[in-house]
Each structure stands twice: as C-alpha cells, then as structure tokens.
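Okay, structure first, notes after.
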Amino acid sequence: MHTSLAVHTDDNWRQLLQFLPTGWQDKAKELRAYHRLRAVSSVELLLRILLVHLVDGVSLAQTANIAAQAGWADLSDVSILKRLRQAEAWFRWMSLELVTQQHPARLRFERPAWLTPYHVRSVDATVVSEPGSTGTNWRVH
C-alpha cells in the first residue's frame, strides 16, 4: 500500500478545499472537465481522484486501485487518464487563479504584442540523480 495514503483523511481534504479558487466546481463544468460524472458522484470526488495521481505520483492503475479501496469510485486506469486529459483547462484555470491571488501585481500572463507573429516555446530541464547513483536517473523537462 502507498505510504502517503495516511494523509488522505477527510480533515486534510477539507483543509485543502479551503485554498481552491472561488467557483472551482462551476468552472469544471464550464471548461468541460467532465461531460457527465459517470461512476464518480461529484466534481469534488473527481478532483480528489485526479490529485491522487498528480500529487502522490502513483500510476494510473494504482490511482484506480486507491479510488476503489477508498470507496470513491470504480474506475479503470484508462478512464482516469481520459478524465485527466479532459481536466487540463480546468487545472490550468485553477493554477492561474491561485497564482494571481497570491501575487497579482508580479505576474502577467498575457502575450506581449511584439511576440504575436512568433510561436514561442519555453523549455527547461533538470537532471535528477538518486542517492547512490553513478549517473543520471531522470531528466525532467
């Protein structure tokens, strides 16, 4: 069993929900993070399942197993992947809302006019070496 499951108590979950931007549940529907909830009883539960995968770093199959064992939903790993892909714009919106709430004066996300004719991509990378490793274990972009 995954060791971080101990932090998935309802008290911790309620505390986390306090930090989400106002209107996050309505925005999920507006941004088409789901068409109908099928097998998941609420938007809150959908978010909880997706965050297990994203935050805990467990596989989609493990996420499906955790959701089933917790009694949240009976989903396949493929179903969770599809829901995660649908939720991209919703997660982007929540992230931008959280960032601008914390630092409204410092961050600007509009594209400058002088960049209009260009297709700009920004790429960054880091190398991760695990303890005892003699080389690169992970390359994160």
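Quick notes on this structure:
- Segment K82-T126, length gained on full extension (0.36 nm per residue, minus Cα span): 13.0 nm
- Candidates R111, R121, R48: whichever shows maximal mean-square fluctuation once the chain is modelled as a Gaussian network with Cα springs under 10 Å: R121
- Theoretical ellipticity at 222 nm over the chain - DSSP helices of four or more residues, -39500 (n - 2.57) apiece, nearest 500: -14000 deg cm²/dmol
The numbers here are math on the coordinates, done by the rules we state, and not lab data. Keep in mind that what you see is a predicted model, and the values were worked out from it rather than measured.
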